[in-house]
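Asker: There's a structure below that I have some questions on.
Read the figures in this text as sums done on the coordinates, not as results from a lab. Quantities reported herein were computed from a predicted structural model and do not represent experimental measurements. No Cβ is skipped: glycine too gets one built from the backbone with ideal geometry, and neighbour counts run over all protein chains shown.
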Amino acid sequence: MCRKRILRNKADAHCLIFHGVALLAYGSAFWIYLHPQRAHIDGLWSMTAFIAASVIMLGWVSGIDVPVNFHNHSHKPLFTVPWLNRWVGRLWTFSGGWPSFFFEHAHVTVHHANLLGRGDWTLPYRRPDGSFESQARYSLTHWPWRFGRYFWRDFTASDRPPGLASKALREFLIFLALWSIPFWINIRMALLLWVLPQWFGNVLISGAGMYLQHAGCVPKSTEHPYGHSNISLSPVLNFTMFNVGYHAHHHEYSRVHWAQLPRLHEHMKRKLNVQRARVFRVGYYSMSSTLARAWLSAEARDARIPRHPEFATDAAGVIEPFELAGTRDYLNRHGEPREIAR
Amino acid sequence: MTHLRRATSRIVAVLGRSFFPFAALTVILGTLLWGPWVSLLIALGLWELAGSVA
């Protein structure tokens with residue numbers, strides 16, 4: 001007898017373990033907050049230290065759990081059963097401060113379909129010279145403020161697909177019901193150990209990641225087929241974050257499973273080299289921590305974010321820097337990208 | 001020996017792929033053992049470490 005598998009890919013068990021342990025960590029923090037004497041917390045300062053440690057760790061996890069981990073599910077649903085995919089999605093993203101449908105809309109319908117184009121409102125705004133706004137400004141404004149405005153615009157547009165608004169409203173209400181659970185237990189606990197970590201995760205982890213995956217990049221064109229993303233070959237980053245560093249690969253072949261990306265990289269190596277793809281040895285955390293040091297000169301910054309030696313040189317053999325500012329040659333006279341190849 | 005190696009590599013894969021949530025759980029539950037100040041110190045240490053290795 002042939003039994004149908006529920007999980008499409010065995011490697012996706014890691015995605016579920018990740019999210020399960022993340023929820024357990026939230027639950028543990030809530031329990032300690034409600035029983036402080038069990039954890040040597042006996043005053044305002046020790047409680048502040050506990051909350052600070054929890055916000056850093058829970059925020060960090062939430063900042064990966066939705067934009068990296070659930071992100072895999074939004075491209076290739078984990079299960080063979082549609083209703084299970086839908087409900088696991090809903091029970092996945094609420095702990096990161098996102099309704100699952102809203103994340104899918106932002107990431108798949110907007111970001112992947114309009115990568116670095118005018119319609120891609122998920123990425124940082126561009127200055128007239130083509131460069132990104134600052135990392136701090138993007139991180140502090142994108143979630144939930146800027147994204148919220150664009151969701152409202154997309155879901156209430158007069159030319160929206162039929163049923164989009166009612167689906168968005170239904171998903172938002174389901175999200176609210178799940179997201180409000182900690183508030184029913186203890187409002188102050190919910191603000192400090194639920195909302196604050198989600199803010200931390202979206203601003204400092206997810207915001208920085210989104211920024212660095214495309215900072216200094218140019219829209220896809222015949223001249224720059226892989227110049228749309230910054231690739232990180234950091235083994236630590238890729239092992240602990242579902243191979244998110246293979247970012248150009250992911251945008252080129254978004255249906256390839258996250259566990260197969262290193263193998264895809266082996267196949268693409270030569271093309272990436274010839275096309276001078278933006279490949280870095282360090283991970284996005286290192287890039288972010290370097291960019292956060294605003295006092296560094298451009299030279300010092302480039303030295304801390306070296307291009308990968310196997311992919312670093314241009315046609316003349318010159319090592320290319322990180323380049324925060326985009327060049328203008330890919331914009332037409334209206335400031336719009338030209339030669340977009342889809 | 002092969003079974004042991006396979007089991008070890010599976011455990012490493014599970015712990016490594018979910019390193020961040022396991023680290024969060026350890027820091028938070030560890031407060032019960034070593035108190036909140038040590039937890040804060042570990043959290044800040046991990047943050048700084050990630051900035052240099054990942």
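Asker: Pairing the Cα long axis of helix A:13-34 with the longest principal axis of chain A, what angle in degrees results, from 0 to 90 and rounded to the nearest 10?
Answerer: With rounding to tens, the tilt is 50 degrees.
Asker: Right, next: For the residue pair A:Y125 and B:W34, what label-to-label distance in nm results when each label sits 7 Å from Cα along the Cα-to-beta-carbon direction?
Answerer: A separation of 4.4 nm, rounded to one decimal place.
Asker: Follow-up question, since we're still on this one. Determine the percent antiparallel among the DSSP beta bridges restricted to the protein assembly as shown, to the nearest 5.
Answerer: Antiparallel: roughly 65 percent of the beta bridges in the protein assembly as shown.
Asker: Taking a 26 Å limit on the Cα-Cα distance, which of the listed pairs A:K76/A:K220; A:K220/A:K271; A:K10/A:K167 fall beyond it?
Answerer: Checking Cα-Cα distances, A:K10/A:K167 exceed 26 Å.
Asker: Same structure, new question: How tilted is helix A:44-64 with respect to the longest principal axis of chain A? Cα atoms for both, answer in degrees (0 to 90, nearest 10).
Answerer: Between the helix axis and the principal axis of chain A, the angle is about 50 degrees.
Asker: Also, quick follow-up: What longest region of chain A stays clear of GluC sites (Glu not before Pro) that DSSP places outside H, G, I, E and B and that have at most 15 other Cβ atoms within 10 Å?
Answerer: The segment A:1-132 is the longest one with no such site.
Asker: Further question on the same structure: Using a Förster distance of 45 angstrom, determine the FRET efficiency expected from the C-beta separation of A:R149 and A:R3, and round it to 0.05.
Answerer: Using R0 = 45 Å, I get an efficiency of 0.40.
Asker: For chain A, compute the orientation-averaged projected area of the C-alpha convex hull (one quarter of its surface), in nm².
Answerer: 21.3 nm²
Asker: Would chain B count as rounded, prolate or oblate if I go by the C-alpha gyration tensor, calling it rounded below 1.5 in a/c and otherwise prolate when a/b exceeds b/c, oblate otherwise?
Answerer: oblate
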